Amino acid sequence: MKHVVLLLSLILAGAANADGFCCGTKLILAGDSVSRLTRVCGKPDSTFKANAEVQQQSRQKQVSVTQWVYQRSRNKDIVVSVRHGKVLKITRD
């Protein structure tokens, strides 16, 4: 039920930043492992290196991440920022 409420709030919000996204019937969230992301969504359509801002110890910090891009035919692409084997952030592009 928690995942359904989160999914509905994402759809209604329509924001560029997303807390999660669905692959089939499974929800991917920030904090999930890369192995779960790959198991649920498969390999990304493309990847590239980038910098992302994260909050660490009450300060914003630039860190290197790998962006995994999942292209959606009818929707905006999903860009998953990955760092140290974990999903750091999910955005719609």
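Can you run down the residue pairs with Cβ atoms below 6 Å, 6 or more apart or on separate chains, where the first is in the stretch 76-93 and farther than 18 Å from Gln55 by Cα and the partner is surrounded by fewer than 16 Cβ atoms within 10 Å (Cβ to Cβ) and hydrophobic (A, V, I, L, M, F, W, C)?
These pairs meet every condition: Asp77/Val69; Val79/Val69; Arg92/Ala16.
At least 3 residues that are buried (at least 16 other Cβ atoms within 10 Å of the Cβ) and at pLDDT 90 or above in each: list the strands (runs of 3 or more DSSP E) lying fully within the stretch 33-93 that qualify. First the steps, then the outcome.
On the way: elements: 46-56, 59-70, 78-83, 86-92.
Passing ranges, in order: 59-70, 78-83, 86-92.
The values are calculated or read from the model by the stated rules, or taken from the named source; none is laboratory data. For clarity, every value in this text was computed on a predicted model and none was experimentally measured. In this analysis, Cβ positions are derived from the backbone assuming ideal geometry, glycine residues included, and neighbour counts consider all displayed protein chains.
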